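The values are calculated or read from the model by the stated rules, or taken from the named source; none is laboratory data. What you see is a predicted model, and the numbers here were worked out from it, not measured in a lab. Note: ideal-geometry Cβ built from the backbone for every residue, glycine included; neighbour counts use all protein chains shown. For accessibility, only protein heavy atoms count, side chains too; no ligands or nucleic acids. Shrake-Rupley method; radii C 1.70, N 1.55, O 1.52, S 1.80 Å.
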Amino acid sequence: MLFRGLVLGLGALLSAGHVQAEVAALPVPSSCTGVAAIRFSYTAASGWKVVKVAGGLKQVRTIVWDPLGNMIVSQALKGISVHTFGADGCVNSTTMLVSNTQLNHGLALTPDGKTLYASSERAAYSWSYDPATRKVGTQKTVVQGMDTGIHSTRNLLVVPQQPNMVLLQVGSNANFDMAAGDKATGRAIIKIFDISKAPASGFNYKTDGEVFGYGLRNEIGFTTDPAGVVWGVENSGDDFTRTQNGRNVDIHKDNPAEKLNNLGDPLKTRDAWYGYPTCFAVWDPSAFTDNKALKTGSHFVLSPNSSFNDASCNTKAIAPRLTFQAHSAPIWNAFDADASNMYVTFHGSWDRQPATGFKVVQIPFTKLPSGAYDPVAPADSMTGYKDIFSATNPSSCTANGLTQSNCVRLTAASWDPAGRGLFVGSDNSAEGEIYLLSKTS
Ligand SMILES: *[C@@H]1O[C@H](CO)[C@@H](O)[C@H](O)[C@H]1NC(C)=O
Ligand SMILES: *[C@@H]1O[C@H](CO)[C@@H](O)[C@H](O)[C@H]1NC(C)=O
């Protein structure tokens, strides 16, 4: 087990950017003293084991690591905590870095570990941070003026190649936010800000910064691959009907697909359009009896007309690179140390019976001859990912409100720089938990 940790630790060292050389390998514990049992029943895929490393937390949303291997956690409705690990691989200290009940998801750290960012619904903040003392300096508002709406989280990412640049996302304010097609609304969008130029009161989200991508209904999680390209997971819409031969047909059970988007290199890409609120991705093509050309992952419109139809989307909007089952509710994505797999947490559904989601999936990736990283599966695949951890019976999981359920509600996903595996979080309001999923073979 220790040997495995060392091997993976070395892999982490060799990969670019975000994983730091100073982090020593740690063993995978078989259990952690003082941590209560995993709260909800689960199934792990063969070759994986699950250890709960932290419990009794508020709603865990995001996990990042400092350069010394300390785990920093965003807990919605509470703030930001930092956790150290003992030689046994278990947490041996937990302290609050920032207490702020408005913080609800976004959390990012510069690669040098010296600047921490977090977001509330309306603003993004920064603090100086010292990994050795695990203390933050004074809070500074870096961006403000984001809208409120049904999607209240604002994901953040520091661009590893240029850490003064920060991506900040805002989702749509409704299931169909028709106005969000206009970038000036500052919704369904990811903007990029040069924080070194932030005015004293912070940037205005709507009028400042540059547009990285838009037409993104709720790009709630995104991460970079070792080449610096950003990959995002997108929650798509609910209660869909499609006008087919003059009739409104209910297609909501298996459409639209949730998306995995290749969002491009943040140093080069600007103004890329991903389709919302006009173009959505197909999960189950059999629901589209009026257009047999559609495949899984193709874009479609709700109501084709003579000036704009499915084909118009497929020439104008960037289609997802891969899709997930409708209503999975992907929240976070993370690569392993050599980017041979991406992992995605599925928060779970309310708009589908039987329910789906409540799991962590693994997407095999490959490095192309060009040096680009890409999923192994083609874009029209319905089998491009597999479950590695899930609620025992996802189809019977309830989803009353955003954080209640009789099952785990998976959120954070982050690969451990100490080589133990994938850390995932749950924001079930009954208990915030963090699990370590590690490979046994
Ligand atoms: C946690 O474990 C580390 C590694 O053994 C040790 O350096 C540190 O002092 C421990 N911290 C506490 C609070 O026990
Ligand atoms: C055709 O569909 C597009 C896209 O949904 C929409 O923006 C446009 O208003 C529609 N045109 C007409 C004439 O209905």
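Relative to the longest principal axis of the Cα atoms of the chain, helix 2-14 runs at roughly 60 degrees. DSSP assigns beta bridges within the chain; of those with both partners inside it, close to 95 percent run antiparallel.
Taking every alpha-carbon pair under 8 Å whose residues sit at least 6 apart, region 48-189 reaches a relative contact order of 15 percent. Computed about its Cα centre, the charge dipole of the chain is approximately 320 debye, with only Lys, Arg, Asp and Glu carrying charge at their Cβ.
For the chain, with all protein chains in place and a probe radius of 1.4 Å, 52% of the accessible heavy-atom surface sits on carbon or sulfur. Computed from the Kirkwood radius of its Cα pairs, the Stokes-Einstein diffusion coefficient for region 151-220 at 37 °C and 0.692 mPa s stands at 267 µm²/s.
Note on Leu68: accessible area is roughly 90 Å² with a 1.4 Å probe, heavy atoms of protein only. With a cut-off of 8 Å between alpha carbons and a minimum separation of six or more residues, what is the relative contact order of the chain in percent? Computed over the chain, the figure is 16 percent. With the whole protein complex present, Trp273 retains an accessible surface near 50 Å², based on a 1.4 Å probe. When the residues Val424, Val23 are ordered by accessible surface, computed with a 1.4 Å probe over the protein chains alone, the sequence from largest down reads Val23, Val424. Working from Cα pairs under 8 Å separated by at least six residues, relative contact order for region 290-441 is 19 percent. Compared with the rule-of-thumb size 2.2 N^0.38 Å for a compact globular protein, region 229-362 has a Cα radius of gyration ratio of 1.08. The listed residues Met96, Met165 rank as Met96, Met165 when sorted by accessible area, largest first, using a 1.4 Å probe. The residues of the chain present an accessible area of 37 Å² per residue when probed at 1.4 Å with all protein chains retained. Which of the three applies to region 290-441, rounded, prolate or oblate, going by the alpha-carbon gyration tensor with a ≥ b ≥ c and a/c under 1.5 meaning rounded? Oblate is the answer for region 290-441, as a/c is 1.5 or above yet b/c matches or exceeds a/b. Averaging 1/r over every pair of different alpha carbons in the chain and inverting the result gives a Kirkwood radius of 21.8 Å.
Over region 42-132, the alpha carbon radius of gyration divided by the compact-protein estimate 2.2 N^0.38 Å works out to 1.16.
Label separation (Gln102 vs Ile38): 3.7 nm, computed from points 7 Å beyond Cα along the C-beta direction.
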